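To keep things clear, I will list the structure first and then write my remarks on it.
The values are calculated or read from the model by the stated rules, or taken from the named source; none is laboratory data. What you see is a predicted model; the values in this text were computed from it and never measured. Backbone-built Cβ (ideal geometry, glycine too); neighbour counts: all protein chains shown. For accessibility, only protein heavy atoms count, side chains too; no ligands or nucleic acids. Shrake-Rupley method; radii C 1.70, N 1.55, O 1.52, S 1.80 Å.
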Amino acid sequence: MMSKHHDTPQRTDCAIDTDGRITFRLPPTPAARPQLLLALRPKKGRPETTRHHLELEPDPADGKWRAVLEPHQALDEGRWDLYLLPEPGAERQRLRPGLRDLRALVDGHLRDRPSPVAVRIPYVTKDGFLALRAWLRTAHAEARRLDVTDRAITVEARLHGARLHEDATVRLRLRGSDTVRSLRPRIDEDGRGFSFTAGRKDLAVDGGGAGRFWDAFVRPTADARPIRIGRLLDDVADRKHVFVYPPITADRTAARPYYTVDNDLAIEMT
């Protein structure tokens, strides 16, 4: 039997502006003190520990309930499920998606972001409920264009929350090992834009390398912490199966760039 907080007709509209402010609107409800609950989805087998409550206020224009998630309200990185609390302490109810206005996110990669880089994207879960995907990083390198030829993979990207120096490097780290390949990026005059090319030799793995993965980072200076390269600054919450690229093939191995479940850039060796 389906539990009550999974059985609700409530549909929630949401709209996000260029500053990252999200406005939620719910149908009128007789509840006296309703709240919108955001709960960080825990890792498998772990208890839920992180929540945010937003007060719902009636909109005089149409009587709908309205809550605002301000840009300065930082959300931990992960997936946040949304619930209606009719009143404090009441049983929570999952929310279905209504209209989602994400137009402000489509060109989000064109705006430079300060540190920390905070991203929130409303999306629909596989089982049809409204949720938020959140990232919170000190700095972020946004992949823009990937060009795959039969010899190399070229990536164009832009750094947010930091600036590249002359000794900057791109680092490909073989997942689960200490193996790192360093590449010299081509850096734009503004110290933000950069590009790099990884060829067959850069991606070769001892022992054949089937089923191995290179994760991509940029290091702004020789002694700086590596910054993950990925694609977060648009309206696509999950891009792993949306953006599919061809492989480089050589010597019975193939190297294919892809985006991970966290929308980070990686290269799979098969």
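Some points to look at:
- Residues that are part of a strand (DSSP E or B) and β-branched (V, I, T) were ranked within segment 115-132; the one that is nearest to L75 (Cα to Cα) is V119.
- Any pair with Cβ under 7 angstrom, 6 or more apart, that starts in segment 72-83 at a residue that is in contact (Cβ under 8 Å) with a residue 24 or more places away in the chain and ends at one that is among the aromatic types (F, W, Y) and surrounded by 19 or more Cβ atoms within 10 Å (Cβ to Cβ): E77/W135
- Looking only at residues in segment 158-172 that are out of contact with any Phe, Trp or Tyr (no Cβ under 8 Å at 6 or more places or on another chain) and in contact (Cβ under 8 Å) with a residue 40 or more places away in the chain, the one that is farthest from A198 (Cα to Cα) is G161.
- Residue count, segment 88-112 (criterion: open to solvent by 50 Å² or more (accessible area, probe 1.4 Å) and assigned to a loop (DSSP other than H, G, I, E, B)): 7
- Just one of the listed residues (A237, A250, A254) is without any contact (Cβ under 8 Å) to a residue 24 or more places away in the chain, open to solvent by less than 50 Å² (accessible area, probe 1.4 Å) and either more than 15 Å from D167 (Cα to Cα) or not hydrophobic (A, V, I, L, M, F, W, C) (or both), and it is A254.
- Residue selected from segment 76-87 under the condition outside any strand (DSSP E or B) and surrounded by 13 or more Cβ atoms within 10 Å (Cβ to Cβ), by the criterion modelled with the highest pLDDT: E77
- Just one of (1) among the charged types (D, E, K, R); (2) touching a residue at least 12 places away in the same chain (Cβ under 8 Å); (3) surrounded by fewer than 12 Cβ atoms within 10 Å (Cβ to Cβ) fails for K126. It is (2).
- Within segment 196-212, the set of residues being surrounded by fewer than 18 Cβ atoms within 10 Å (Cβ to Cβ) and either at pLDDT 95 or above or charged (D, E, K, R) (or both) comprises T197, R200, K201, D206.
- Selection count, segment 20-60, where residues are within 19 Å of V119 (Cα to Cα) and among the hydroxyl-bearing types (S, T, Y): 2
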